[in-house]
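Below is one structure, written out as structure tokens, with a few remarks after it.
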Amino acid sequence: MKEPLIRMEGVSFDYRLNSEEVVRVLRDVSLDIYPGEYVAIIGHNGSGKSTLAKHFNGILKPTEGNVYVAGFNTKDDRYRREIRRRVGMVFQHPDNQIVATIVEDDVAFGLENIGVPPREMRKRIDAALEAVGMSSYRNRPPHHLSGGQKQRVAIAGVLAMEPRCLVLDEATSMLDAHGRREILQVLRRLHQRGMTIIAVSHHMSEAAEADRVLVIEAGRIAMEGPPREIFQRQELLRRLQLDIPVATRLAGRIHERVPDFQPDLIHPREIVDEVVRIAGKKGAAG
Amino acid sequence: MGTVIEVEDLRYTYMENTPLAHQALAGVQLSVEEGECVAIIGHTGSGKSTLIQHFNGLLRPQQGRVRVDGQDLSDPGLDLKGLRRKVGLVFQNPEDQLFEKWVGDDVAFGPLKMGLPLKEVRDRVRWAMEMAGLSFEAMKDRPTYALSGGQKRKVALAGVLALRPKVLVLDEPTAGLDPRSRKELLGRIEGFNRREKMTVIFVSHNMEEVACLADRIFVMAAGQIVAQGTPREIFGNREVLLQHRIGAPETVEILYRIQGLGYPVDVGAYELDSAAAEIVSILRPQGVKSHGPGI
């Protein structure tokens with residue numbers, strides 16, 4: 001087996017409210033993330049999922065336990081640059097992440113900070129904007145872009161640093177359906193090119209895209225597995241007050257009345273395929 | 001029941017008479033009846049937020065007419081304070097707009113400004129906090145900065161409710177909330193509308209919540225209302241959805257794909273059970289629906 005890109009060992013994390021009060025947000029979390037994986041982290045507000053995500057590139061450091069990124073311990077400040085270069089983060093609010101007045105300057109921002117030579121910089125900006133499908137917007141002011149486009153620019157800014165892993169902390173929660181679809185397409189493409197992706201979300205249809213889902217509850221990993229397995233455990237998900245993808249719920253309802261209809265579907269296209277399988281192509285008149 | 005909001009040929013241009021002029025509203029026509037719950041949907045930049053800022057006089061009509069509860073907003077002698085009491089506007093991310101140190105003070109700000117007696121202010125704050133889902137006793141003396149995002153949003157909502165508005169206008173009320181908080185807030189909004197008889201107007205890009213909450217939907221594009229109807233009518237109209245780049249509830253998206261393959265399904269059946277029934281009807285053609293497969 002390959003070496004994990006990120007390894008968490010017995011991580012606990014406390015937020016200090018004031019001199020007396022401390023809240024334990026993560027409790028003894030251990031996990032490995034392997035290169036090229038697409039992992040979704042699900043949980044409701046306050047479950048600890050964002051706190052967990054902020055440990056992946058050392059924005060937060062564990063109170064107990066250790067986090068290693070490509071072997072570097074995030075507690076060791078000497079490795080901060082090495083770690084941040086490998087694991088990039090995209091946050092929830094597109095507007096808070098845009099710093100420049102022209103799209104390509106925004107993408108260049110991180111590169112300038114690490115002193116990338118101009119020719120190399122140009123190459124990286126081109127590649128990053130191309131990867132998110134925003135090349136034709138390079139000279140536009142970002143504030144005229146839609147939410148989905150702004151998030152794509154934010155992702156491009158991270159990609160320009162050529163990380164091995166992209167962490168998205170609820171990066172689609174402020175977007176409309178269109179914007180969300182745009183981002184999911186970008187992620188799918190990056191994943192195919194070998195990028196490791198960790199997506200924190202509370203949209204179950206987004207988790208359905210991942211290879212592996214981690215469900216976080218009260219600072220612990222409550223469930224872990226491929227999305228199809230996770231979404232079959234509806235009783236537990238309901239108890240954790242999490243949603244179930246519409247496709248899965250729909251498949252369940254249909255299965256109750258047409259037992260031959262598979263209940264464990266997670267993507268809309270699978271519903272369509274299942275309809276065709278049972279009704280037969282000849283049922284179609286069009 | 002009468003018309004509570006009436007908009008006629010409303011036009012609005014930002015930075016008028018400058019090279020940066022941008023027309024946000026280009027002749028909006030709409031009316032909302034008392035007690036209705038209506039959704040305004042449309043792509044980013046279609047003019048939704050500009051429109052709703054006219055409802056409580058934050059923006060005044062440059063051209064055209066807006067009447068709220070019979071008052072003409074172009075009237076120079078307009079009682080703006082009275083209007084703002086009547087129409088409560090909750091912004092997107094209202095949690096960013098809390099300014100008092102204590103929760104109770106923040107909610108009391110509006111009623112105090114109205115010059116109400118202290119006892120009345122207290123009653124209203126208690127009522128508004130409970131309506132928004134905050135325990136008055138437990139929360140009134142909490143510092144606002146130490147609240148979670150969801151709690152802050154409730155405080156902001158309570159601040160608007162404390163004015164006891166007749167019309168509640170919400171801009172993206174659930175954006176960024178998790179499923180649990182979203183469901184709870186939607187239930188509350190439904191309660192304001194059904195039990196408290198408030199007229200509710202909300203802007204949303206979440207088609208699932210539009211489908212479950214709205215009696216009627218207005219679709220905006222390029223500063224105009226381009227379609228209106230019940231959720232079934234709007235989501236059943238593929239042309240409108242595609243032309244104006246509006247998403248549909250996931251159930252509707254699935255039904256469209258099935259219809260696209262030539263199966264006869266009612267694409268407007270957005271509720272989970274009706275969508276399931278539509279699909280079952282083509283899997284068991286002799287069952288639920290009267291017409292068989294094919295045309």
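So the values come out like this:
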quantity	calculated
Residue-normalised accessible area of the protein assembly as shown, expressed per residue, 1.4 Å probe, Å²	45 Å²
DSSP bridge pairs, the protein assembly as shown: antiparallel proportion in percent, nearest 5	55 percent
Globularity index of region B:165-266, i.e. its alpha-carbon radius of gyration over 2.2 N^0.38 Å	1.17
Probe 1.4 Å - accessible area at A:R269, Å² to nearest ten	130 Å²
Spin-label proximity, A:R119 to region A:149-166 - amide N less than 15 Å from point 7 Å beyond Cα toward beta carbon	none
Percent RCO, i.e. relative contact order, over chain B, from Cα pairs under 8 Å lying at least 6 residues apart	20 percent
Distance between region B:260-284 and region A:80-94 - C-alpha centres, whole angstrom	44 Å
For region A:189-225 and region B:1-20, distance of Cα centres in Å	44 Å
Accessible-area value, A:H93, 1.4 Å probe, nucleic acids and ligands omitted, Å²	60 Å²
Three semi-axes of the equivalent ellipsoid, region B:88-148, Cα gyration tensor, whole Å, largest first	18, 14, 11
13 Å Cα-Cα reach of A:K150 towards aspartates and glutamates, excluding residues that sit fewer than 8 places from it in its own chain	A:D95, A:E104, A:D106, A:D176, A:E182
Long-range amide H partners of A:A100 with built H, under 5 Å	A:D106
Listed residues B:V226, B:V125, B:V200, most fluctuating in chain B (Gaussian network, C-alpha, under 10 Å)	B:V226
Residue with peak Gaussian network fluctuation, chain A [Cα springs, cutoff 10 Å], from A:E224, A:E235, A:E209	A:E235
Crossing angle, helix B:118-132 versus chain B [Cα axis fit, 0-90 degrees, rounded to tens]	20 degrees
Buried area at the A-B interface (accessible, heavy atoms, 1.4 Å probe, summed, Å²)	3500 Å²
Percent antiparallel among DSSP beta bridges (both partners in region B:93-234, rounded to 5)	55 percent
3J(HN,Hα) from dihedral phi, region B:157-170, Karplus parametrisation 6.51/-1.76/1.60, rounded to Hz, x for glycine, proline	5, 4, x, 6, 4, 4, 7, 6, x, 7, 10, 10, 10, 10
Dipole of the protein assembly as shown [Lys/Arg +1, Asp/Glu -1 at C-beta], most positive-end residue of B:S274, B:W102, B:V210	B:W102
Those lysines that a straight Cα-Cα span of less than 23 Å connects to B:K113, excepting residues fewer than 8 apart in one chain	B:K81, B:K86, B:K101, B:K140, B:K152, B:K154, B:K166
Accessible heavy-atom area order of B:E190, A:E229, highest first, probe of 1.4 Å	A:E229, B:E190
Between 0 and 90°, nearest 10: helix B:179-194 axis offset from chain B longest Cα axis	80 degrees
Cα-centred dipole magnitude for region B:109-185, charges only on beta-carbon of K, R (+1) and D, E (-1), debye, nearest 20	120 debye
P(r) histogram, all alpha-carbon pairs of the protein assembly as shown included - 10 Å bins from 0, percent	3, 15, 23, 26, 21, 10, 2, 0
Net dipole in debye of chain B [+1 Lys, Arg Cβ; -1 Asp, Glu Cβ; about Cα centre; nearest 20]	560 debye
Largest-first ordering by accessible area, 1.4 Å probe, given options B:M114, A:M195	B:M114, A:M195
Amide hydrogen neighbours beyond the local backbone of B:L170, cut-off 5 Å, H modeled	B:V90, B:I201, B:F202, B:V203
Rel. contact order, % - alpha carbon contacts under 8 angstrom, at least six apart, chain A	21 percent
Neighbourhood charge, 14 Å Cβ-Cβ cut-off, centred on B:G35 and excluding it, Lys, Arg +1 and Asp, Glu -1	-2
Simple Cβ-charge dipole of chain A, Lys/Arg +1 and Asp/Glu -1, about Cα centre, in debye nearest 20	540 debye
Listed residues B:C212, A:C165 arranged by accessible area, highest first, probe 1.4 Å	B:C212, A:C165
For region B:55-199, with +1 on Lys and Arg beta carbons and -1 on Asp and Glu, the positive-most of B:L163, B:A175, B:P143 along the dipole	B:L163
Backbone HN-Hα couplings from phi across region B:138-151 [Karplus 6.51/-1.76/1.60, Hz, Gly and Pro as x]	6, 10, 4, 9, 7, x, 5, 5, 9, 8, 6, x, x, 5
For region A:1-130: relative contact order, % (alpha-carbon pairs under 8 angstrom, 6 or more apart)	20 percent
Derived scalar couplings ³J(HN,Hα) [region A:45-57; Karplus, 6.51 cos²θ - 1.76 cosθ + 1.60; whole Hz; x for Gly, Pro]	3, x, 6, x, 5, 6, 4, 4, 4, 6, 7, 6, 10
Beta bridge orientation in region B:157-274: antiparallel %, DSSP, nearest 5	50 percent
Alpha-carbon centroids, region B:218-259 and region B:56-71: separation in whole Å	28 Å
For A:L214, distant residues with modelled amide H under 5 Å away	A:A40, A:I41, A:I42
Solvent accessible area, Å² - B:R164, 1.4 Å probe, full protein context	110 Å²
Summed residue charge, Cβ within 10 Å of B:K48's Cβ, Lys/Arg positive, Asp/Glu negative	-2
Accessible surface of chain B [probe 1.4 Å, protein heavy atoms]: carbon and sulfur percent	49 percent
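The values are calculated or read from the model by the stated rules, or taken from the named source; none is laboratory data. As the structure is a prediction and not an experimental result, all values here were calculated from the model. All Cβ positions, glycine included, derive from the backbone under ideal geometry; neighbour counts span all protein chains shown. Surface areas here come from the heavy atoms of the whole protein model, side chains and all, with no ligands, DNA or RNA. Shrake-Rupley method; radii C 1.70, N 1.55, O 1.52, S 1.80 Å.
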